[in-house]
1. Please tell me if residue 26 is assigned to a helix (DSSP H, G or I) and either open to solvent by 30 Å² or more (accessible area, probe 1.4 Å) or closer than 20 Å to residue 129 by Cβ (or both).
2. Would you mind listing the strands (runs of 3 or more DSSP E) fully within the range 70-141 where at least 3 residues are away from the ligand (no atom under 15 Å from the Cβ), open to solvent by 30 Å² or more (accessible area, probe 1.4 Å) and in contact with a Gly (Cβ under 9 Å, 6 or more places away or on another chain)?
3. Give the residues of the range 5-23 that are assigned to a helix (DSSP H, G or I) and either in contact with a helix residue (DSSP H, G or I) (Cβ under 9 Å, 6 or more places away or on another chain) or free of Cβ contacts under 8 Å to residues at least 12 places away in the same chain (or both), sorted by residue number.
4. Has the range 39-46 got at least one residue that is surrounded by 18 or more Cβ atoms within 10 Å (Cβ to Cβ), over 16 Å from residue 15 (Cα atoms) and in contact with a helix residue (DSSP H, G or I) (Cβ under 9 Å, 6 or more places away or on another chain)?
5. Of all residues being of a type in the set (Gly, Ala, Ser) and closer than 17 Å to residue 8 by Cβ in the range 91-121, which is farthest from the chain's Cα centre (by Cα)? Just the residue, please.
6. Considering only the range 53-63, how many residues are in contact with an Asp or Glu (Cβ under 8 Å, 6 or more places away or on another chain) and either of a type in the set (A, V, I, L, M) or open to solvent by 20 Å² or more (accessible area, probe 1.4 Å) (or both)?
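The values are calculated or read from the model by the stated rules, or taken from the named source; none is laboratory data. Predicted model only: the values in this text are computed from it and were never measured. Cβ coordinates were reconstructed from backbone atoms using ideal geometry, including for glycine residues, and neighbour counts include every protein chain displayed. The area values use the complete protein model at the heavy-atom level, side chains included, leaving out ligands, DNA and RNA. Shrake-Rupley method; radii C 1.70, N 1.55, O 1.52, S 1.80 Å.
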Amino acid sequence: MGSDLIKLLNLDHVGIAVHDLDHALDEYREKYGITPLYRETVASQGVEEAMIPLGGSFIQLLQPLGPETPVGRFLAKQGEGVHHLAWAVANINAALEHLKAQGARLVDSEPRPGGGGTRIAFVHPRDLAGTLIELVESPDD
Ligand code: CO
């Protein structure tokens, strides 16, 4: 019943925190031959991000806009590396209602704007084996 409500579609992206987005993009291009589809500053999240397509998913590189942002604090504490996993959902409002009913620890109780016109919400890493989860609803959905 719950799974009908949340309806996960696919792994949308893996978010990776980096100190220097230009340098990271050079490395991805030189070592793996992959380049971003777009690059965007998302002020509401305090990041500049680049989305690199890989199969049906993306690698999302995140450079913080300053040290007092969530990704800035993550980098200071843990260094560069995997920051979150993002799962595409058909309906983010329904997904959040489902998770609330399950007693999940939500970072965002309501969706907020993400990059590329998406709507997103984060679920606290303590809710699921230390993994920060982002739910993403595409503008097309
Ligand atoms: Co993300």
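1. Numbers: assigned to a helix (DSSP H, G or I): yes; either open to solvent by 30 Å² or more (accessible area, probe 1.4 Å) or closer than 20 Å to residue 129 by Cβ (or both): yes.
Yes.
2. On the way: elements: 81-89, 119-123, 133-137.
Counting at least 3 such residues, we get no strands (runs of 3 or more DSSP E) at all.
3. Quick first cut of the range 5-23, residues assigned to a helix (DSSP H, G or I) only: 5-6, 21-23.
Correct list: 5, 6, 22, 23.
4. no
5. Our first condition is that a residue be of a type in the set (Gly, Ala, Ser); within the range 91-121, this holds for 94-95, 101, 103-104, 109, 114-117, 121.
So of that shortlist, the ones also closer than 17 Å to residue 8 by Cβ come out as 94-95, 101, 104, 114, 121.
Details: 94: 19, 95: 16, 101: 23, 104: 18, 114: 8, 121: 9 Å.
Top of the filtered list is 101.
6. Initial filter on the range 53-63 (in contact with an Asp or Glu (Cβ under 8 Å, 6 or more places away or on another chain)): 57-58, 60-63.
Imposing the further condition that a residue be either of a type in the set (A, V, I, L, M) or open to solvent by 20 Å² or more (accessible area, probe 1.4 Å) (or both) reduces the set to 57-58, 61-63.
Total meeting the criteria: 5.
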